[in-house]
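Report on the structure given below.
Nothing in this text is a laboratory measurement; each read-out follows from the coordinates by a stated rule. As the structure is a prediction and not an experimental result, all values here were calculated from the model. Here the Cβ is made from the backbone with ideal geometry for all residues, glycine too, and neighbour counts use every protein chain on show.
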Amino acid sequence: MAIDMKAVKDAYATYNILPEISYKIIEHLMINPEAEIIWKLLKYNDADAWQKDDLTREEKAAMIYNGMASQDNFNVFLDFMMDEATNKEKSFLRIYPAAVYPTTRTYGICSVNIEVFVHSQINHLSNYQTRLDTIIQKLLEILNGCDIGGVGVLFFDDDATSYNRIITTGEKPYKGKVITMGVNLS
C-alpha cells in the first residue's frame, strides 16, 4: 500500500503567511484612523507632534523602509534591531515575527514583536505624556483582538500564550519598549 505523501504533507502546518505578517500589520495601521496619533508621533519630533495634521497614506508609506536606501531616512521597519548606529532625534517602529511555537502539527502560535524606540530628547510631549508610552498604548489598543487581513487575530492574552508581554529596553540615547503579541497560524 502506497502512502500519499501529498496528503501527509498537507496534514502539517506550513506557516506560509509568516513573511507577510509585518507588512500586513503595518498596512492595517496605515488605514486605521485610530492609528493616526502613532504616525504623527513617529514623523514629527516636536513636543506638539500629537496636535499635527493627520498624515496622508503616501506620507506614511514614505516612512516605511523598503530596503533600497539608508535606513537613517526611515521610521518603520519590518525586522528587528537597530541596524545602523544613529543619534538622530527620531522615533522608530519595528514589527516582526519573533518566534513560532507549534501547538499541534497543524497549528502554532507566532509571537510578534512590536518595538518602539524614541530618542530621549524628544520623548516628552507637551500634553505631559511620553511619546513612547503613548505609541505603545495605542498599538496595544488598536491591535489587541484585531483581525489582521490574511494573518489572523492578534492577541495579548496570557491564557493563550505566556509569551505575551511588554518589556522596557533601549540603550542611550534611545528608550524603548517591546510588545510581544500572539497570532495563531497554520
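Quick notes
- Cβ-Cβ FRET estimate between Thr86 and Ala62, R0 fixed at 22 Å, reported to 0.05: 0.75
- Cα-projected label distance for Asn127 with Thr168, points at 7 Å along beta-carbon direction, nm: 2.3 nm
- Calculated FRET value between Gln51 and Ala98, using beta carbons and R₀ = 30 Å, to 0.05: 0.35
- Fewest-first ranking of Trp39, Trp50, using other Cβ atoms within 10 Å as the exposure measure: Trp50, Trp39
- For the chain, the dipole from Cβ point charges (+1 on Lys and Arg, -1 on Asp and Glu) about the Cα centre works out to 280 debye, to the nearest 20.
- Seen through its C-alpha gyration tensor, with square-root eigenvalues sorted a ≥ b ≥ c, the chain comes out prolate because a/c lies at 1.5 or above while a/b is bigger than b/c.
- Stretchable slack from Ala11 to Asn184, in nm (0.36 nm times residue separation minus alpha-carbon distance): 60.6 nm
- Degrees, to the nearest 10: 21-31 long Cα axis against longest axis of the chain: 50 degrees
- Mean ellipticity per residue at 222 nm, deg cm²/dmol - from DSSP H runs of n ≥ 4 across the chain, formula -39500 (n - 2.57): -6500 deg cm²/dmol
- Ascending count of other beta-carbon atoms within 10 Å, so fewest first, for Met68, Met30: Met68, Met30
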